[in-house]
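The values are calculated or read from the model by the stated rules, or taken from the named source; none is laboratory data. Quantities reported herein were computed from a predicted structural model and do not represent experimental measurements. Virtual Cβ from ideal backbone geometry, glycine too; neighbours counted across all protein chains shown.
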Amino acid sequence: MFGYQGQILKVDLASQKISTDSLNLEWAKEYLGGSGYASRLLYDMINKDTDPLGPENPLLFMVGPLTGTPAPTSGRYVVCAKSPLTGIWGESTSSGVWGAELKHAGYDGILFTGKAEKPVYLVISGPDTELRPAKKIWKKNTEQTLQQVRKELEDNRFRVASIGLGGVNQVRFAAIMNDNIRAAGRTGMGAVMGSKNLKAIAIKARGKVELADSLEFLKVCNEANEHQMKKFTSKMFKELGTAGYLDTGYAFGDLVSKYYSQGEWDGAQKISGSEQHDRYVIKHDACFSCAIRCRKLIEVKEGKFKTPVHECAEYETLGTFGALTLNDNLESILKSNELCNLHGIDTITGGSTIAFAMYMYEKEYITKVETEGLEIKWGDADMIVQLVDLIAKRKGFGNILAEGTLRAGEKFKVPRDEMAVIKGLEIPMHDPRAFFGMGIGYATATRGACHMAQDDYEVCYGNAAPEFGVPFHERFDDNKIGEIIANEQDFRTIYSSLIFCNFAHPTGEHISKLLKYGTGIDFPIETLRLIGKRSFNLKRAFNNKMGITNEDDYLPKMFLTPLEGGTEGNVPDFPRHLKEYYQYRKWDEATGRPTKELLKELNLEFVIKDIWGG
């Protein structure tokens, strides 16, 4: 096969049997790879009664047909399972080099089933694979795990993906960390890994990816890189990382503060990307096959928040641990970021849940009785750092926050509209009042509130994809917004199937040619659009099977309340947007399910009985 390696590694942790399955070529043509292929493979393996933290929940790592090639940003992987945070489709992608290493090892994915009797880690070295005892590293942080695994294997060339205490203690938003702190962060895939007594996956590859036409493929790669590096966002991220967006986001009203209730905040300037860069960044770095080089390393050399050389804080982390908590102490944010990475915790859910705790404390939903003596006030940098540690260790009040915002809110009887959560997943740092399309996108995304399933803020500042039905539009312009967001979601589903980084912006022609010269199979743009639509609707059907209905597609009223600042008092007309979206999607408005006609049109007849009966 070209592009694909042609096999999935299967690891039964209970029996410790390791085998391989052939990649289903028809599924590859219909879903590409990555999360699209994963949705087809896992659909029949998971049902409504599957316990996300039980041995019956499969955990699937996947790469795509372009992973491990010279294509732009092709070092990514995706990990999928039923989410322990949301109870629906769980999906998280990560960058770095680990994904390319998996592909170079000769696999398109790894499927883990069952639960190991005792902690183990998987070693893939060339054609050899084995499970090793992980007792000595089980409670180590992710950096210690990397070093200890390499020491045991006597080889520093191994690439390692692992969990920290967050995954070991099954924090519901635990992350999987790889390549010196890159994160598969959202939906709690690290907790699933921990529930299986699986500590790490170490890979040292010797293979390569065979391409159908290497010369033409490289020519298109060069064209795509030249095209993407002309983008303003690529230049900004190259200089400052994603943190470079913070000033712009604040001006737009996209960066809101005090748990999404305050549009203006003087502290934003103190935690900006330029502030982080000028004071703490010591090195620029890149993920596999990426010209943007948005990765930055920082160091805080002294003080109570002293932080050794580590990954910088991304925009989302600065937002959740900074603006949402009214914390303008940049050094404490960098320390919180380091702790989250070492423990393996999603910084978006982690920071947002801590901000929610501050909100509950101010509104007197909780007191020192519930927090076990902690006074959780806005802007308390020391308390924020302490809570990160308590969450990872599930100690005291941290044990409640380790369940995520929704469960903590329900425990203390907070109304749903006061929780910045959709389908159990915390809303990121892109406010629907700043970009109207984000509201409908959050409400209908397949993993809950997700800014990567559709990133309308990117479209509105110039990164459109007209070939895929995603035109540039003004941020408050909601003409045909339901159609545009549906097309954005399908487009980004293609990305998570290839797998590309959302910051890469090749044209549709580039993508089509990369697939043609990479796999030897023609994937014209219209076929790609159909693939994105099919995969997105299959994930929706999966969620319908889990119990999701139209009532779950909502936007909390807190985001329909006008704010001062960059949003200029604007709020999205959410009911109209949702109706337009449903009509364009051909979803049944009374149930929130894709219609039978649509499912047949997309070759998804096999889900009809599950979600419609009969």
Exercise for the section: Tell me, yes or no, whether region 127-141 has at least one residue that is at pLDDT below 95 and either under 16 Å from the mean Cα position of the chain (by Cα) or over 30 Å from residue 88 (Cβ atoms) (or both). Expected result: yes
Practice task
Quick one: which residue in 491, 476, 472 is more than 18 Å from residue 432 (Cβ to Cβ), at pLDDT 95 or above and in a loop (DSSP other than H, G, I, E, B)?
Solution key: 472
Handout entry: Leading residue by the ranking (nearest to residue 539 (Cα to Cα)) among those in region 47-74 that are touching an Asp or Glu at 6+ places or on another chain (Cβ under 9 Å) and loosely packed, with under 15 Cβ neighbours inside 10 Å
Key = 47
Practice task
Filter region 1-22 for residues that are buried (at least 21 other Cβ atoms within 10 Å of the Cβ) and either free of Cβ contacts under 8 Å to residues at least 24 places away in the same chain or over 30 Å from residue 133 (Cβ atoms) (or both) and give the result.
Solution key: 3, 4
Completion exercise
Note on region 34-66: residues part of a loop (DSSP other than H, G, I, E, B) and either within 30 Å of residue 208 (Cβ to Cβ) or at pLDDT below 95 (or both) are 58, 63, 64, 65, 66
Practice task
Might you let me know whether region 378-401 holds any residue that is in contact with a Phe, Trp or Tyr (Cβ under 9 Å, 6 or more places away or on another chain), farther than 26 Å from residue 141 by Cα and buried (at least 21 other Cβ atoms within 10 Å of the Cβ)?
Solution key: no
Practice task
Run down 152, 210 and say which single residue is within 30 Å of residue 521 (Cα to Cα) and at pLDDT 95 or above.
Solution key: 210
Exercise for the section: Looking only at region 313-328, decide whether some residue is at pLDDT 95 or above, closer than 24 Å to residue 147 by Cα and surrounded by 20 or more Cβ atoms within 10 Å (Cβ to Cβ). Expected result: yes
Practice task
Kindly indicate whether residue 294 is buried (at least 23 other Cβ atoms within 10 Å of the Cβ) and modelled with pLDDT under 95.
Solution key: yes
Handout entry: Any hit, region 265-284, residues being buried (at least 18 other Cβ atoms within 10 Å of the Cβ), under 17 Å from residue 503 (Cβ atoms) and in contact (Cβ under 8 Å) with a residue 60 or more places away in the chain
Key = no
Exercise for the section: Report yes if residue 328 is out of contact with any strand residue (DSSP E or B) (no Cβ under 9 Å at 6 or more places or on another chain), in contact (Cβ under 8 Å) with a residue 12 or more places away in the chain, of a type in the set (Asp, Glu) and more than 22 Å from residue 502 (Cβ to Cβ), otherwise no. Expected result: yes
Problem - Residue match in region 586-593 (condition: touching a Leu at 6+ places or on another chain (Cβ under 6 Å), assigned to a helix (DSSP H, G or I) and surrounded by 15 or more Cβ atoms within 10 Å (Cβ to Cβ)) - result: no
